[in-house]
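Single-structure report; data block below.
The values are calculated or read from the model by the stated rules, or taken from the named source; none is laboratory data. All values derive from a computational prediction rather than experimental measurement. In this analysis, Cβ positions are derived from the backbone assuming ideal geometry, glycine residues included, and neighbour counts consider all displayed protein chains.
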Amino acid sequence: MAGELVLIVEDNDRNLELVQDILELRGFRTLVATCGADGLALAREHLPALVLMDIQLPDFDGVEALRRMRADAATSLIPVLALTAFAMTADRTRFAEAGFDGYITKPIDVRRLPDLVRQYVRPQTPAAHESAS
Ligand code: MN
């Protein structure tokens with residue numbers, strides 16, 4: 001069985017490589033983007049089982065990227081986790097209100113990451129592909 005596809009949108013090379021390495025080591029397939037626009041394009045084209053979305057990106061922020069994903073029928077149901085250094089209570093509330101399914105704090109806890117990702121990946125069902133066409 002092929003591993004679930006996870007899209008990582010992160011403009012910090014070190015974080016991007018770290019997350020990608022961990023997930024691939026654990027059998028996930030990955031796609032990477034370093035700005036919001038590329039992330040949205042990849043999400044639409046490949047319909048990943050999960051998106052890990054950095055908040056501070058060079059073009060528009062992760063909250064705006066999420067808003068655009070939710071507004072697009074093709075990507076509206078894909079789970080999205082915020083990837084963020086902001087871990088204060090107010091920020092967590094802001095991310096939940098924005099519609100993120102959850103969040104992962106930076107620095108990345110490499111031991112917890114695979115289980116977190118596993119917990120949120122959307123099963124790849126025929127219906128998931130149908131809704132995107
Ligand atoms: Mn960033």
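Restricting 23, 83 to residues that are among the aliphatic types (A, V, I, L, M) and assigned to a helix (DSSP H, G or I) narrows the list to 23. State whether one or more residues within segment 22-37 are surrounded by fewer than 22 Cβ atoms within 10 Å (Cβ to Cβ), away from the ligand (no atom under 16 Å from the Cβ) and on the phi > 0 side of the Ramachandran plot. Looking for residues that are surrounded by fewer than 22 Cβ atoms within 10 Å (Cβ to Cβ), away from the ligand (no atom under 16 Å from the Cβ) and on the phi > 0 side of the Ramachandran plot, one finds at least one in segment 22-37, hence yes. One residue is enough: does segment 38-50 have a residue meeting the conditions farther than 18 Å from residue 122 by Cα, of a type in the set (D, E, K, R) and in a strand (DSSP E or B)? Looking for residues that are farther than 18 Å from residue 122 by Cα, of a type in the set (D, E, K, R) and in a strand (DSSP E or B), one finds none in segment 38-50, hence no. Residue count for segment 51-65 under the criterion of being surrounded by fewer than 24 Cβ atoms within 10 Å (Cβ to Cβ) and not in a loop (DSSP other than H, G, I, E, B): the result is 2. Taking the criterion of being among the β-branched types (Val, Ile, Thr) and modelled with pLDDT under 95, the residues of segment 82-125 that qualify are 84, 89, 93, 104, 105, 108, 110, 121, 125. Residues in segment 50-60 that are at pLDDT 95 or above and out of contact with any Gly (no Cβ under 6 Å at 6 or more places or on another chain): 50, 51, 52, 58.
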